[in-house]
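K.L.:
I am attaching a structure below and will ask some questions about it afterwards.
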Amino acid sequence: MTRTDLGMPAFPEAAREAVRDGVLRANLRHATHTIRDKRARAVAELADWDRLRAAGKAVKDHTLRHLDRYLLQLEAAVTAAGGTVHWAVDADEANRIVTELVRATGEREVVKVKSMATQEIGLNEALEAAGITACETDLAELIVQLGHDRPSHILVPAIHRNRAEIRDIFRTEMGRWGRPAPDPLGDDPRELAEAARLHLREKFLRARVAVSGANFMVAETGTMVVFESEGNGRMCLTLPETLISVVGIEKVVPTFRDLEIFLQTLPRSSTAERMNPYTTMWTGLGPSGGADGDGPSAFHLVLLDNGRTDTLADETGRQALRCIRCSACLNVCPVYERAGGHAYGSVYPGPIGAVLSPQLRGTGSEIDASLPYASTLCGACYDVCPVAIDIPEILVHLRERVAQGGPVTRHGIRVRIRPAHGHTAERAAVRAARLLLDRPGALRAGERLLARARRLAPRRLPGPGAAWTDTRELPSVPAESFRDWWTRERGTPQ
């Protein structure tokens, strides 16, 4: 369903390479620990955080249950405000719509606000194939683009880069896209920010077309909402004549009042700020329809499905659509901290990517079949999620799908998929466990036999189990089973 980074090796292989990179691990460890410590302090300031979290969950769940109604209400409100709504079933259709809209303006360059949806569908690459240059204006996205790189974090796409690397990228690449970096250029953050500011200011002033996403869409008013920290979004959303927003259908909320919840929870969970530095809202065209140069004179909203309706059909997996892209789960995940975002083979890395990508894209590829296993199931991601997505529950649910196959919804049709390759031993072990657990007598006999043979326990497991014991010690077998201990201490159980 999405094409971003498909064809990558399975997560274990990609992660194995990543953990050997000492610079990458140092960058990730410093950044994630800093962000999560600041977030914890920001959240602790609110005595009603748990109630805000529950309220956010309730709003998102209600919206998902009635998504069809709210999307039609949104379309009507946007249209009444002078905007045009387009519906895109997948990445190809969304890219085609945006490309045609840009071509109709006669422009060959667009400026972009940071957008996960456009990364998901590979919009930059589609525009490039059509002879249109898409210029990222978010500082971290600019670093990724100039470095011919891929995002590795939802909030901080260039989290894997340090200051010296960024300086070198600016020195060698910035001139190829526009205004070159000042000479000399050091690695002081202020120097780097000023170089980006000068480079981007020229693009803002000449841009006639902008592309954005949105953090939220308000159904009752048709209002788009973008949260950002740098002001680049404000420049893109107000200066160009044509504005095209590509937004996932799950980003809608019913009423303007619902934003009150997320205005408190999203900044604290993402950037650890009490409020967002820049919160831009717009409804349709500019105040005078763009005629006086105040705001865009043409606004297009592309509503993107791209696997979301199929995900909505899964009673357990649909809760992933609550995600407000705060990235808090990435910053507490021990697997992400060591492997980095590129190993996930998706624009959505970390715990949320491990549950969202296999649902949007299916589990047919090697990388997507491996993502539900890219977790220790420690539950830290659920604890910090501001909309209470039970990521461990979805991971286990998807692991069952990968190993066992079964019914899923694809392109709106209920189909049955086959188990992924390489899980034969796992299925056999589960069947054996089921047979044993259904027979208490056999289980008791097996426990006693294992206890008596504990001195013969191997240090390493054979066959498929060898991969597990390559990095772990087998736990020692107790001298007696729990059942025998209970009988000895408390008497025969009923």
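The values are calculated or read from the model by the stated rules, or taken from the named source; none is laboratory data. Since we're looking at a predicted model, the values are computed, not measured. Note: ideal-geometry Cβ built from the backbone for every residue, glycine included; neighbour counts use all protein chains shown. Please note that ligands, DNA and RNA were not included when accessible areas were found on the heavy atoms of the full protein model with its side chains. Shrake-Rupley method; radii C 1.70, N 1.55, O 1.52, S 1.80 Å.
K.L.:
In segment 166-177, is there at least one residue being among the aromatic types (Phe, Trp, Tyr), closer than 24 Å to VAL211 by Cβ and open to solvent by 40 Å² or more (accessible area, probe 1.4 Å)?
P.N.:
yes
K.L.:
Being under 24 Å from ASP305 (Cβ atoms), surrounded by fewer than 23 Cβ atoms within 10 Å (Cβ to Cβ), over 27 Å from the mean Cα position of the chain (by Cα) and not aliphatic (A, V, I, L, M) is the requirement here; does ARG150 meet it?
P.N.:
no
K.L.:
Anything in segment 79-96 that is part of a helix (DSSP H, G or I) and open to solvent by less than 60 Å² (accessible area, probe 1.4 Å)? List them, or say none.
P.N.:
Listed by number, the residues that qualify are ALA91, GLU93, ALA94, ASN95.
K.L.:
Take the conditions within 25 Å of GLU45 (Cβ to Cβ), at pLDDT below 95 and open to solvent by less than 50 Å² (accessible area, probe 1.4 Å) and apply them to GLU273. Does it pass?
P.N.:
Considered against the rule, which asks whether it is within 25 Å of GLU45 (Cβ to Cβ), at pLDDT below 95 and open to solvent by less than 50 Å² (accessible area, probe 1.4 Å), GLU273 comes out as no.
K.L.:
Could you check segment 178-201 and list, in sequence order, the residues that are open to solvent by 80 Å² or more (accessible area, probe 1.4 Å) and either in contact with an Asp or Glu (Cβ under 7 Å, 6 or more places away or on another chain) or under 25 Å from ASP294 (Cα atoms) (or both)?
P.N.:
Passing the criteria: ARG179, ARG197, ARG201.
K.L.:
Still on this structure: Inside segment 448-466, can you point out the residues that are under 25 Å from THR424 (Cα atoms), loosely packed, with under 11 Cβ neighbours inside 10 Å and out of contact with any helix residue (DSSP H, G or I) (no Cβ under 8 Å at 6 or more places or on another chain)?
P.N.:
PRO458, PRO462, ALA466
K.L.:
Additional query: Could you go through segment 62-78 and let me know if any residue there is within 24 Å of SER346 (Cβ to Cβ), open to solvent by 50 Å² or more (accessible area, probe 1.4 Å), in a helix (DSSP H, G or I) and touching a residue at least 40 places away in the same chain (Cβ under 8 Å).
P.N.:
No; the residues of segment 62-78 include none that is within 24 Å of SER346 (Cβ to Cβ), open to solvent by 50 Å² or more (accessible area, probe 1.4 Å), in a helix (DSSP H, G or I) and touching a residue at least 40 places away in the same chain (Cβ under 8 Å).
K.L.:
Looking at ARG29, ARG36 in this structure, which one is buried (at least 16 other Cβ atoms within 10 Å of the Cβ), over 30 Å from HIS421 (Cα atoms) and of a type in the set (D, E, K, R)?
P.N.:
That would be ARG36, the only listed residue that is buried (at least 16 other Cβ atoms within 10 Å of the Cβ), over 30 Å from HIS421 (Cα atoms) and of a type in the set (D, E, K, R).
K.L.:
I need a count of the residues in segment 97-142 that are among the charged types (D, E, K, R), closer than 18 Å to HIS300 by Cα, touching a residue at least 24 places away in the same chain (Cβ under 8 Å) and assigned to a helix (DSSP H, G or I).
P.N.:
Qualifying residue count for the region: 1.
K.L.:
While we're on this one: Which one of the conditions (1) under 23 Å from the mean Cα position of the chain (by Cα); (2) closer than 24 Å to PHE204 by Cβ; (3) open to solvent by 30 Å² or more (accessible area, probe 1.4 Å) does ALA134 fail to meet, given that it meets all the rest?
P.N.:
(3)
K.L.:
Here's a follow-up. Of a type in the set (Gly, Ala, Ser) and part of a helix (DSSP H, G or I): is that true of ALA26 in this structure?
P.N.:
Taking the combined requirement at face value, the residue satisfies it.
K.L.:
So in segment 1-21, with the set limited to residues that are under 18 Å from the mean Cα position of the chain (by Cα) and not small (Gly, Ala, Ser), which one is modelled with the lowest pLDDT?
P.N.:
Among those residues, the one meeting the criterion is MET1.
K.L.:
If only one of ARG268, ARG257 is more than 21 Å from ARG308 (Cβ to Cβ), of a type outside the set (S, T, N, Q) and surrounded by fewer than 22 Cβ atoms within 10 Å (Cβ to Cβ), which one is it?
P.N.:
ARG257
K.L.:
Please verify whether ALA388 is in contact (Cβ under 8 Å) with a residue 60 or more places away in the chain, small (Gly, Ala, Ser) and surrounded by 14 or more Cβ atoms within 10 Å (Cβ to Cβ), treating the condition exactly as stated.
P.N.:
yes
K.L.:
Working carefully through the options GLY412, GLY340, GLY353, find the one that is among the small types (Gly, Ala, Ser) and open to solvent by 20 Å² or more (accessible area, probe 1.4 Å).
P.N.:
Criteria check complete, one pass: GLY412.
K.L.:
Identify, by number, the condition in (1) modelled with pLDDT under 90; (2) touching a helix residue (DSSP H, G or I) at 6+ places or on another chain (Cβ under 9 Å) that ILE391 doesn't meet.
P.N.:
(1)
K.L.:
Something else now. Take the residues in segment 467-485 that are among the polar types (S, T, N, Q) and loosely packed, with under 10 Cβ neighbours inside 10 Å, then tell me which one is nearest to the chain's Cα centre (by Cα).
P.N.:
This residue is THR471.
K.L.:
Given the residues VAL156, VAL102, which is the only one that is hydrophobic (A, V, I, L, M, F, W, C), over 20 Å from LYS251 (Cβ atoms) and open to solvent by less than 40 Å² (accessible area, probe 1.4 Å)?
P.N.:
Sole residue among the options that is hydrophobic (A, V, I, L, M, F, W, C), over 20 Å from LYS251 (Cβ atoms) and open to solvent by less than 40 Å² (accessible area, probe 1.4 Å): VAL102.
K.L.:
As an exercise: evaluate ARG318 against (1) more than 25 Å from LEU259 (Cβ to Cβ); (2) surrounded by fewer than 24 Cβ atoms within 10 Å (Cβ to Cβ) and give the number of the one condition it does not meet.
P.N.:
Condition (1) is where ARG318 drops out.
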